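K.L.:
Submitted below is the structure of interest, expressed as structure tokens.
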Amino acid sequence: MTFDKLISTKSEYKIIGFSQKENNYKIYWTELISWFQPFGKRNLSFIEENDAKLLNELKKQYNQEIKNVTNKCPACNSGILTNDTECKNCGVNLVAQK
């Protein structure tokens, strides 16, 4: 165990994004290192994953059909407005198309 590990904590958050235009996935993650007092600073790093094998595996795992929603929620058939980002009845998230 190093001295840095004794006086800091490290958290990682992964973000998986899909580009509909490019038809591919991208993975980003943030690494947050917080130092205990009296050092008291935080380092935040953003990292993009470029490993093609890992990205292809994610594509297989997360590949979902994209449905165009107009006036009914695809999960519960409740009526929705065109600018809604979430169904008020069941809570499914909707992505607005530009």
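K.L.:
Test Ser34 against the stated conditions and say whether it is under 30 Å from Val95 (Cα atoms) and at pLDDT 70 or above.
P.N.:
Working: under 30 Å from Val95 (Cα atoms): no; at pLDDT 70 or above: yes.
No: the conditions fail for Ser34.
K.L.:
Could you list, in sequence order, the residues of the range 60-73 that are modelled with pLDDT of 85 or more and of a type outside the set (Lys, Arg)?
P.N.:
We begin by selecting, within the range 60-73, every residue modelled with pLDDT of 85 or more; these are 71-73.
Correct list: Asn71, Cys73.
K.L.:
When the range 14-38 is examined, which residues are found to be surrounded by 13 or more Cβ atoms within 10 Å (Cβ to Cβ) and among the β-branched types (Val, Ile, Thr)? First the steps, then the outcome.
P.N.:
Of all residues in the range 14-38, those surrounded by 13 or more Cβ atoms within 10 Å (Cβ to Cβ) come to 16, 18, 24-35.
Residues satisfying the conditions are Ile16, Ile27, Thr30, Ile33.
K.L.:
Residues in the range 76-98 that are under 21 Å from Gln20 (Cβ atoms) and exposed (fewer than 12 other Cβ atoms within 10 Å of the Cβ): how many? Break it down into steps so the answer makes sense when it comes.
P.N.:
Taking the range 76-98 as the starting set, the residues that turn out to be under 21 Å from Gln20 (Cβ atoms) are 80, 82-87, 92-98.
Retained after the next criterion (residues that are exposed (fewer than 12 other Cβ atoms within 10 Å of the Cβ)): 82-83, 85, 93, 95-98.
Of the residues in that region, 8 qualify.
The values are calculated or read from the model by the stated rules, or taken from the named source; none is laboratory data. Fair warning: this is a prediction, and the values are worked out from it, not measured in the lab. Every residue, glycine as well, gets a Cβ built from its backbone with ideal geometry; the counts of neighbours run over all protein chains shown.
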